[in-house]
1. Size of the dipole of the chain about the Cα centre, Lys and Arg at +1 and Asp and Glu at -1 on the beta carbon, nothing else charged, in debye to 20?
2. Per 10 Å bin from zero, what fraction in whole % of the C-alpha pairs of the chain is there, up to the bin with the longest pair?
3. Please name which of Ala270, Ser34, Val223 has its Cα lying farthest along the dipole of the chain towards the positive end, using unit charges on Cβ (Lys, Arg +1; Asp, Glu -1) and the Cα centre as origin.
4. Could you tell me the ratio Rg/Rh of region 1-143? Both radii from Cα atoms, Rh via Kirkwood.
5. Assuming R0 = 30 Å, can you tell me the calculated FRET efficiency for the pair Thr251 and Ser180, based on Cβ-Cβ distance, to the nearest 0.05?
6. In nanometres, what is the gap between the two model label sites at Thr188 and Asn80, each 7 Å from Cα along Cα-to-Cβ?
7. Among 195-207, 15-27, 274-286, what's the highest-first ranking by average C-beta atoms within 10 angstrom per residue?
8. Under a crude label model (7 Å from the Cα following the beta-carbon direction), how far is Lys114 from Ser34 in nanometres?
Amino acid sequence: MRTEVMDALEHLPHTLSQALKPIITTPGFDATLSKAEFEQLMKESQLTDAALRIELLKVAAAYSIATLSNFHVGAIARGNSGRLYFGANMEFSATSMSQTVHAEQAAISHAWLKGETGIRDITVNYSPCGHCRQFMNELTTAKTIMVQLPERSPKALQDYLPESFGPSDLGITDFLLSDSSHELTFETDDALLQEACNAARKSHAPYSKNYAGVALKAKDGRVFSGMYAENAAFNPSLPPLQVALIHMNMTGYPLSDIVEAALVEQKDSAISLLADTQNTLETFNPDMPLSYAAI
Ligand SMILES: [Zn+2]
């Protein structure tokens, strides 16, 4: 467990801190709270649903890796199942700023990685930037998702993004987090490439059709995968490496633990994620082994 997360516990109201500590310190805590756990925390802390989520942002923000800005953003996405998923911003030195992950993207991808097919609401400690408003407008629940900020009434995403541009404007009917799987044929003996391919099957890439996935192996052998999340406005797209890094960070692994990586993408696509993936991985280790397959 990161020391920042344990420190955040100390900054919560006492009753909440006491109730949350056994959950967070249970081995295998994965930065999510079940609906039942959340309801129990509400009961024990005597906080309202929104007030509890706002307090919990301190814990979410403790996962932030704000190498450049030192600005710690936390977000909590509640999936359609009622489970809550923590997320935080991630910045990377020695590469371009376009590789940055925003907290909202992290919380939403976290929910996606764990099988959610829609986000009911998102709680953030700062007003969502334009990039994140656009990212969220790609969701299956873009028309209904509510945004909760500290000291604000909840508002719909569409109130934060009037006259929005989204997938429908490009004739796309497949939204981010939809429960779909692409049929990709790929046979390999390389387990890491196979994991990357499995992630690619779940990717959201209706614009380029570059169904892509990344798998990262940590030094203890654990594997973290991520799938590509494209966006109608292109630039807010989240590359599969970033989703895998979110997966690893929210599991409590330092990114310096990566020892090997794999990328699978489509050979007939007009775009490629290879150069960006290599560049960002090299910030962790200039000699990072990267297996690659265009299928
Ligand atoms: Zn943002």
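1. My answer is approximately 640 debye.
2. Per 10 Å bin, starting at 0, the Cα pair percentages come out as 7, 29, 36, 22, 6, 0.
3. Farthest along the dipole direction, towards plus: Ser34.
4. Values: Rg = 14.8 Å, Rh = 15.4 Å.
Rg divided by Rh gives 0.96.
5. Efficiency for this residue pair is about 0.75.
6. Computed distance between label sites Thr188 and Asn80 equals 3.1 nm.
7. My ranking of the peptides, most packed first, is 195-207, 274-286, 15-27.
8. 1.1 nm
The values are calculated or read from the model by the stated rules, or taken from the named source; none is laboratory data. Fair warning: this is a prediction, and the values are worked out from it, not measured in the lab. Every residue, glycine as well, gets a Cβ built from its backbone with ideal geometry; the counts of neighbours run over all protein chains shown. Note: areas computed on protein heavy atoms with side chains; ligands, DNA, RNA excluded. Shrake-Rupley method; radii C 1.70, N 1.55, O 1.52, S 1.80 Å.
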